[in-house]
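Enquirer: First, the structure itself, so that you have it in front of you.
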Amino acid sequence: MITIEIIDYHIHSNFSFDGKNEIKDIIEKAVELGLSEICFTEHFCIDPEDVSYNFLNYNEYSNQILKLKESYKGKIKIKKGLEIGEPCVFKEELNNIISNMDLDFMIGSIHNINHKKLRLYIENKQKDEIYHTYFLYIYDMVRNGNIDVIGHLDLMKRYAFLQFGNYSFKDFEDLIYNILKCAIERNIGIEINTSGLRDKVNEIYPSIDIIKLYYNLGGEIITIGSDSHSCDDLAKNYLDIIELLKNIGFKYIFKYEKRKPLGILIK
Ligand SMILES: [Zn+2]
Ligand SMILES: [Zn+2]
């Protein structure tokens, strides 16, 4: 039996362009499900070609979190985060904006290649090229990005799966090794994103091979997120992931406070 508090570190409300529910309704649902902590991670990207560009009303978002944090005190902890798309595009400008935001947590994600959505980027390309380019973007992000964790590290499989199938870990092991080494050096964690279990690929992001390699290299910082865009998906498959992590050998999962990682012991 595993006893551990349930937390969700990847949640989109309707402050994200594609989120369905209001922050208050998500909190209500999280309390109902018995979660002890949730972190909102709204989409944020300063590339004018990205779908989320200029969508987030940050001040309003921040005010709501502050207010609800107070009114739900003792019931559930609420954290304020962002999911930054392409943190290396317009990096200096982004860092200036972020430095005034007082965030708890930042996920770094690659949703676009060459300013194009992954789904569109893969058209008329070869399998090897698309996965390789995607992992190169992740490598650039982990070397240069101001982020706390790498979001859905092998997300490309969501888009490439139907057309090309999944990638073979062996084919990209060297590049993935470099990504994980660099993440560990820079104290950047890995997000386990369970939304892949709801996608056609039916696998978590990243794959178990990547999680095991991260562990074998000495990596410790793991966060777990449902990537829910609706209340219905909150904390989905959380305990399955805890069990998986425990079996691999991980001692902790992590939450964040003002961008500092805090371990929760897996018992
Ligand atoms: Zn989204
Ligand atoms: Zn994402």
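Enquirer: Using helices alone, I'd like the mean residue ellipticity at 222 nm for the chain: each DSSP H run of four-plus residues gives -39500 (n - 2.57), total over residue count, nearest 500.
Expert: Helix contribution divided over all residues of the chain: -11000 deg cm²/dmol.
Enquirer: Determine the percent antiparallel among the DSSP beta bridges restricted to the chain, to the nearest 5.
Expert: 25 percent
Enquirer: Cα to Cα, under 16 Å, and not fewer than 8 places away if on the same chain: which lysines meet these conditions relative to LYS181?
Expert: The qualifying lysines are LYS212.
Enquirer: Give me the compactness ratio for region 7-265, meaning the Cα radius of gyration over 2.2 N^0.38 Å.
Expert: Ratio of Cα Rg to 2.2 N^0.38 Å: 0.95.
Enquirer: Rank the residues MET156, MET101, MET1 as a footprinting-exposure proxy: fewest other Cβ atoms within 10 Å of their Cβ go first.
Expert: Fewest to most other Cβ atoms nearby, the residues stand as MET1, MET101, MET156.
Enquirer: For the chain, set up a GNM with springs between Cα atoms under 10 Å and report which of GLY81, GLY19, GLY34 has the largest fluctuation.
Expert: Maximum fluctuation in the GNM of the chain, among the listed residues, is at GLY34.
Enquirer: All other residues with a Cβ under 14 Å from the Cβ of THR3 taken together, and with Lys, Arg as +1 and Asp, Glu as -1, what is their net charge?
Expert: Here the charged neighbours net out to 0.
Enquirer: Name the most mobile residue of LYS200, LYS91, LYS170, meaning the one with the largest mean-square fluctuation, in a Gaussian network model of the chain with Cα contacts below 10 Å.
Expert: Its mean-square fluctuation being the largest, the pick is LYS170.
Enquirer: Taking Cα pairs under 8 Å and at least six residues apart, what relative contact order does the chain come out at, in percent?
Expert: Over the chain, the number comes to 21 percent.
Enquirer: Highest GNM mean-square fluctuation, the chain, Cα pairs closer than 10 Å: which of ILE78, ILE98, ILE27?
Expert: Most flexible of the set in this elastic network: ILE98.
Enquirer: Any idea what the relative contact order of region 151-251 is, in percent, if you count C-alpha pairs under 8 Å spaced at least 6 apart?
Expert: 28 percent
FYI, it's all coordinate maths here, none of it is from the lab. All figures in this text were calculated on a predicted structure; none of them were measured in a lab. Because the Cβ atoms are built from the backbone with ideal geometry, glycine has one as well, and the counts that use them run over all protein chains shown.
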